[in-house]
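Please read the structure below before turning to the comments.
The values are calculated or read from the model by the stated rules, or taken from the named source; none is laboratory data. Please read these numbers as outputs of a predicted model, since none were measured by experiment. Here the Cβ is made from the backbone with ideal geometry for all residues, glycine too, and neighbour counts use every protein chain on show. All accessible areas refer to the heavy atoms of the entire protein, side chains included, with ligands and DNA or RNA removed. Shrake-Rupley method; radii C 1.70, N 1.55, O 1.52, S 1.80 Å.
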Amino acid sequence: MKEKRVTMSDIAKKLGLSINAVSLALNGKVGVSEETRKRILTEAEEMGYLDQNDKYTVAYSNKNICILLEHRFFRDMYFYGRVMLGVENAAKEAGYDMLVKSFDESVEVVPDCVEKKKVSGIIVIGKLSDEYLRRLKSYDLPIVLVDYMSVEESTDCVMTDNKTGGFKITRYLIEKGFTKIGFFGGMEYSPSVRERFWGYQEGIRKLLNFPDFESSMRYVETYSSLNKIEEYVIHNDAKMIWKAFCDIKERPQVLVCSNDKLAILLCKVLEERGLRVPEDVSVVGFDDIELSKMVSPGLTTVHVYKDRMGRKGVERLIYRMEHPKERVGKVVMDVDLVERNSAKLF
């Protein structure tokens, strides 16, 4: 039996509105309030009306943007939750709604709202593969990357100045008198971690006056752990965090962690094994998530303007919608050092 088609009359009846109001909203014409227009378009989408009538998809897409992020990043709401809040507030102020979609790293499925062009543009938060980015670009929708930059695919992006942040916190530690400074983070996890490491590495090389790059790298390798540490954080694997710490060739006075979640977990693991922070080992982080000021000792870290980064992503996407032929733009946001109590020499 053939499925009954949804009509404007069905939408009007469901919402208690006139057919004329539904028609005006679907055709993008004046005569209904913005709130009513959104109700009608949302109901038309949910009832399947837009899938029957491609010409009305444009009206629906004009009020929506797609927010895409990898599924595992939903576990990191301390960081990406703040970015999403910035996106949501800026989108709302600009008159857009968000359609939030996630994808799995191994199965990068393009969302239905992108395939059917039910959105005006796409904001990708966090890391994605260049192959997936190319697939998204094939739909000819404006795209902005937030907290990620592709070196293969030239794409508008909003980034944190991770390298400067890594350098700033390393300089702070050297000025405090630390001489054995290591880095704690997985190089394979994301470009952001590598950029933070490069900033740390540059600080060590330049500020501790090493005669050449090789000797500075020997120093880094002596006091650091650079393997799959982020994976241990994702799985809350205290045993492997402790092993990574124990595998460091020589105990550092202080560890620069790739992010606050790792730093907080490391502090907990060290204290469970009888090492006090900062009396026995100092620890610093990166991101300045809410927990970093709630733990004891308070975490010295690098403040990332997460909500502002989300806002800038929306602003850049709207600019790209309005100026489709303009050159690709990369917005790099500065960071600030936040001094608390987790890094002291005794």
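Quick notes
- Expressed as a whole percent, the accessible surface of the stretch 166-297 that belongs to carbon and sulfur atoms is 48, based on a 1.4 Å probe.
- Annotation: for a label point projected 7 angstrom from Cα along Cα→Cβ of Glu188, residues of the stretch 199-234 with backbone N closer than 16 Å are 225-234.
- Across Phe167, Phe213, Phe245, mean-square fluctuation computed from a Gaussian network of the chain (C-alpha pairs under 10 Å connected) peaks at Phe213.
- Linear extension gain, Ala238 paired with Val58, 0.36 nm per residue minus alpha-carbon span: 59.8 nm
- Cβ-based net charge around Asn64, under 10 Å, with every Lys or Arg adding one and every Asp or Glu removing one: +1
- Förster radius 51 Å - calculated FRET efficiency between Glu279 and Val30, Cβ distance, rounded to 0.05: 0.15
- Using the Cβ-Cβ distance between Ser102 and Glu175 with R0 set to 41 Å, the FRET efficiency from 1/(1 + (r/R0)^6) comes to roughly 0.45.
- Average accessible surface area per residue within the stretch 26-158, 1.4 Å rolling probe, Å²: 45 Å²
- Within the same chain, aspartates and glutamates fewer than 8 places from Lys344 are excluded, and of the rest, those with a Cα less than 15 Å from its Cα are Glu175, Glu279, Asp280.
- Angle in degrees between helix 191-207 and the longest Cα principal axis of the chain, rounded to the nearest 10: 30 degrees
- Legend: translational diffusion of the stretch 238-341 by Stokes-Einstein, Rh = Kirkwood radius over C-alpha pairs, 10 °C, 1.306 mPa s; D = 100 µm²/s.
- Here's the picture: charge each Lys and Arg Cβ at +1 and each Asp and Glu Cβ at -1 in the chain, and of Phe183, Asn64, Val283 the one pushed furthest to the positive end of that dipole is Asn64.
- Of the cross-linked pairs Lys29/Lys137; Lys92/Lys137; Lys180/Lys206, those separated by over 21 Å at the C-alpha level are Lys29/Lys137; Lys92/Lys137.
- Beta bridges assigned by DSSP with both partners in the chain are antiparallel in approximately 10 percent of cases.
- Candidate values (1) 17.6; (2) 21.3; (3) 16.0, label of the one derived for mean projected area of the Cα convex hull in nm²: (2)
- Restricting the stretch 166-274 to GluC sites (Glu not before Pro) that sit in a DSSP loop and have at most 10 other Cβ atoms within 10 Å of their own Cβ leaves Glu250.
- Spin-label model distance (nm) - Leu207 vs Asp140, 7 Å beyond Cα toward Cβ: 5.1 nm
- For Asp112, solvent-accessible area (1.4 Å; no DNA, RNA or ligand), Å²: 70 Å²
- Fluctuation leader among Gly121, Gly86, Gly298 - the chain, Gaussian network, Cα springs under 10 angstrom: Gly298
- Between helix 162-175 and the chain there is an angle of about 30 degrees, using the helix long axis and the longest principal axis of the Cα atoms.
- About its Cα centre, the chain has a charge dipole of approximately 460 debye under the convention of +1 per Lys or Arg Cβ and -1 per Asp or Glu Cβ, with nothing else charged.
- If you take all other residues with their beta carbon under 13 Å from the beta carbon of Tyr172, and give Lys and Arg +1 and Asp and Glu -1, the sum is +2.
- Applying 1/(1 + (r/R0)^6) with R0 = 35 Å to the Cβ-Cβ distance of Glu221 and Met333 gives a FRET efficiency near 0.70.
- Compared with the dominant principal axis of the Cα atoms in the chain, helix 213-223 is inclined by about 90°.
- Restriction of the chymotrypsin sites (Phe, Trp or Tyr not before Pro) in the stretch 89-141 to DSSP coil positions whose beta-carbon has at most 14 other beta-carbons within 10 angstrom yields Tyr139.
- Placing a label point 7 Å from the Cα of Met321 along the Cα-to-Cβ direction, the residues of the stretch 148-186 whose backbone N falls under 20 Å of that point are 155-158.
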